[in-house]
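The values are calculated or read from the model by the stated rules, or taken from the named source; none is laboratory data. Keep in mind that what you see is a predicted model, and the values were worked out from it rather than measured. Using ideal geometry, Cβ is built from the backbone for each residue, glycine included, and neighbour counts are taken over all protein chains shown. The area values use the complete protein model at the heavy-atom level, side chains included, leaving out ligands, DNA and RNA. Shrake-Rupley method; radii C 1.70, N 1.55, O 1.52, S 1.80 Å.
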Amino acid sequence: MRAIAVPEYGATPEMTRVPRPEPGPGELLVKLIAAGVNTLDWRIAEGALKDSVDAAFPLVLGRDGAGVVEDVGPGVTRLRHGEQVYGCLSAVARGLGTYAEYAVVDQHGPVGRIPDGLVYTDAAAVPTACMTALELVEAAEVAAGQVVLVVGATGGVGRAVVQLAAASGARVIATARRALAEEIRGLGAAATVDPSAGVLNDQVFAAHPGGLDAIIDLASDAARTEALAQLLRPGGTYACTTWAVNPDAMAARRIRGINLDGTPTGALLERVSALLDSGGLRVAVEREVPLDAAPGALADDRAGPARPGATVIRI
């Protein structure tokens, strides 16, 4: 089958051919129609998991995907041939990912039926972004009446965080350049601040001199998290996906610091599906590219900044 893979960590992703996987006991073979592009994809290609997972090479990239159940292994009871499914469908230890024509996933893993009304390309943009967002909002214990700053709000995870935090009843301040400010406010942000328009701390303090209850940060390095933490009231929470938070330093300020290592599960995806069904979450796909253009899409994501919406690969 055609796939975008790397022969070793640090190599340039390229189109290649690898054997089509076969489903084992309890596994589904999914014929992929679309794959989502995530920052984690190029980080894995560079070796982000080399100390924790013994990967197989060539390593097919891609974590998120949507498609149709093509075949099932012995003992599968949860999903059937022909069902439309989506989820986190990678298996790094087996060299498998979603930038390919087929993927294999355990029936009880982070896979489920595509919500009604969601097309394959939209569904492929959902799993990692929305599950991570849900974990972040819950880890930060966002609640009604709080003031929450979302840093990196224009990316896929950030957009979902804005929606979920606003739905919790919090007053959401989101970082967004002027061109995207109205769109992000449309997702539920009460206000936006433009990082390119001046010192971020000064802008937030000017609007909210009493400080913040929580910061959910998807973009900052260690130096910036230390600066932004000054915006938090004692007892506040700083939740981060870039692993830039120093929990001990935060604790010294009476702030709870969280470095989130998201864990996709079937149960979490079911909750995301319910939110999509109810209209509690919306996803925005900014562009679609064919499979052979996936290396360029990864390079664009790596160059940053976050694009105003998801990039999806058509298989």
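Overview of results
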item: Share antiparallel - DSSP beta bridges, the chain, percent rounded to 5; result: 55 percent
item: Relative contact order, percent, segment 150-262 [alpha-carbon distance under 8 Å, six or more residues apart]; result: 20 percent
item: With Cα atoms, 0 to 90° folded angle of helix 294-303 axis to the chain main axis; result: 20 degrees
item: The chain: relative contact order in percent, alpha carbon pairs under 8 Å with at least 6 residues between; result: 19 percent
item: With all protein chains modelled, accessible area of residue 255 [1.4 Å, Å²]; result: 10 Å²
item: Derived scalar couplings ³J(HN,Hα) [segment 136-149; Karplus, 6.51 cos²θ - 1.76 cosθ + 1.60; whole Hz; x for Gly, Pro]; result: 4, 4, 6, 5, 7, 6, 5, 9, 4, x, 7, 10, 10, 9
item: Segment 15-92, accessible surface, carbon-and-sulfur percent (1.4 angstrom probe); result: 50 percent
item: Per residue value of the accessible surface for the chain (all protein chains in place, 1.4 Å probe), Å²; result: 42 Å²
item: Magnitude of the charge dipole, segment 1-98, Cβ model with Lys/Arg +1 and Asp/Glu -1, debye to 20; result: 180 debye
item: Overall dimensions of segment 240-280 as given by Cα atoms, namely Rg and Dmax in Å; result: 15.3, 42
item: Cleavage-rule hits, GluC sites (Glu not before Pro), segment 108-148, DSSP coil, Cβ neighbours within 10 Å at most 14; result: 141
item: DSSP-loop trypsin sites (Lys or Arg not before Pro) across segment 123-219, with at most 10 other Cβ within 10 angstrom; result: none
